[in-house]
Amino acid sequence: MTIVAAEPPPAQMAQMGKRVLVFSSIGHALMHMMTAFYAVIVLTLAVAWDLPAERLLELYAPSAILLGIVSLPAGWASDRFGAPPMMVVMFVGLGLSSIACGLVPTGDTSALMLTLCGLGIFGAIYHSVGIGWIIRTAKEQGHAMGVNGLWGSAGLALYGIVPGLLITLASWRAAFIVPGIVCVVAGVVLAWQIRRGKVGDRPMPASAGAQPGKRDFWRVFSVLSVTMALEGVLWSAVMFGAALVFETKLASEIESLRALLGSVGIATKTVLWVGLATSMIYVVSGFAQYAMGRRIIDRYPLKSTYVLASALQVLAMLALAMGNGYVALLGAIASAVLSSASGPVENILIARYTPSRYHGLGFGAKFVVALGASPLAILLIAWVREATGSLELLFLSLSGVAVVITLVALLLPGRERRLTVAGAPPQPAPAE
């Protein structure tokens, strides 16, 4: 198991916590951008390779499966070797995989599917490692999760903007290669900071009152296993389906904007506007998550926040299913904001009910469940769109799924464990 050093002085611990938050947040942004930007790149790739977008989107399904199942061994490796070195592996591996995607020969779908799998394998490391790393080293958990969530949402916002711009300025290959280079550089810088002793880890701060029993742990994890799996379907359906929805429902608005800019000599592509609309979802949700981390998660009961967010997802799914143009856009934004409220609550509950030495496995198990639902969402998008020509039936069905999530979330414990003193340094823990 990981050997945890004696607790550093409070001032040093505070500085280390800030650096951990920076690197974990950068990793969150890059991971989300680089495991989602294929949903935008595929629109141009379909034209360049003269293949249906639905067929090319299905190539990402194995990567989405790996993004879920690799979370568990990644969590075990984090418990065994430590969070900081595993984050270096994530940065470098994710970057090299993205570069490899950009070098795939034209029309070689097998090679593209294989290189996309690298994005899933190395992207799976982040949530098993980075979230627990922040929670263990943060002075204020809700605030830190809000900041980290803001960066994650920024990554999701960039998954529309970055490929849209790079495709417009260069090609679909640049949309893979440039972010890959940035990711590798981030990994090298983190390795340098670890070597200098500026970045490290520590055990989970102690909690007030009695430690949770096995019954409490299994109750929380059983409930969250169901809600996280279903929430994962909703999240992935919006993330991978939004671009396809906007391409249809915002078609007239996009053409008007293109014509307006064209009249002054500025030529734009539809994919850029679809990317911008998709990015807007996560720009708004990112700031909402930051605000919720500062104002809600640290102040209000986690269960109440979780249940309310789940219930409001019903309306968001209905807006996506039945709304036209900007109503569908607002539904997508609302869904992302609500998911941004649910995610940090799940993470804090798992951290508080799981022993520190098993955090990697705990978060790995969570994301096996949550991210393991992504392939189902991707396949549903492809099947429903091919059968009906739209995604209205899919999101209408998902409104019923949101009702189930709300009802199951009511089974969470009403009493919540809290840290002994918010922001106080924990007592030195024995080596694990």
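Can you tell me which residues in segment 101-142 are part of a helix (DSSP H, G or I), among the aliphatic types (A, V, I, L, M) and in contact (Cβ under 8 Å) with a residue 40 or more places away in the chain?
Matches in segment 101-142: LEU112, MET113, LEU116, LEU119, ILE121, ALA124, ILE125, VAL129, ILE131, ILE134, ILE135.
Show the residue pairs meeting these rules: Cβ distance below 6 Å; 6+ apart or different chains; first residue within segment 40-53 and under 14 Å from ALA174 (Cα atoms) and modelled with pLDDT of 85 or more; second residue among the β-branched types (Val, Ile, Thr) and in a helix (DSSP H, G or I).
THR44/ILE167; THR44/VAL271
Table: residues versus (1) crowded, with 16+ Cβ neighbours inside 10 Å; (2) more than 17 Å from ALA316 (Cα to Cα); (3) not aromatic (Phe, Trp, Tyr).
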| site | (1), (2), (3) |
| --- | --- |
| ASP216 | yes, yes, yes |
| SER222 | no, yes, yes |
| GLU231 | yes, no, yes |
| VAL238 | yes, no, yes |
| PHE246 | yes, no, no |
| ALA259 | no, yes, yes |
| VAL271 | yes, yes, yes |
| ALA277 | yes, no, yes |
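Name the residue that is nearest to VAL42 (Cα to Cα), counting only residues in segment 373-410 that are among the aliphatic types (A, V, I, L, M) and free of Cβ contacts under 8 Å to residues at least 24 places away in the same chain.
Within segment 373-410, the match that is nearest to VAL42 (Cα to Cα) is VAL384.
All but one of (1) at pLDDT 85 or above; (2) buried (at least 21 other Cβ atoms within 10 Å of the Cβ); (3) under 26 Å from ALA365 (Cβ atoms) hold for TRP172; which doesn't?
Exception for TRP172: condition (3).
Test MET87 against the stated conditions and say whether it is modelled with pLDDT of 90 or more and either crowded, with 21+ Cβ neighbours inside 10 Å or not aliphatic (A, V, I, L, M) (or both).
In short, yes.
List the pairs whose first member sits in segment 13-29 and is farther than 12 Å from GLN193 by Cα and at pLDDT 85 or above, whose second member is part of a helix (DSSP H, G or I) and of a type in the set (Ser, Thr, Tyr), and whose Cβ atoms are under 7 Å apart, counting only residues at least 6 apart or on separate chains?
So the pair list comes out as GLY27/TYR126; HIS28/TYR126.
Say we look at segment 43-73 and pick out the residues that are small (Gly, Ala, Ser) and over 16 Å from the mean Cα position of the chain (by Cα); which of these is surrounded by the fewest Cβ atoms within 10 Å (Cβ to Cβ)?
Restricting to residues being small (Gly, Ala, Ser) and over 16 Å from the mean Cα position of the chain (by Cα), the top hit is ALA48.
The values are calculated or read from the model by the stated rules, or taken from the named source; none is laboratory data. A quick note: this is a predicted structure, and the numbers were derived from the prediction, not measured. As a convention, Cβ positions derive from the backbone with ideal geometry for all residues, glycine included, and neighbour counts pool all protein chains shown.
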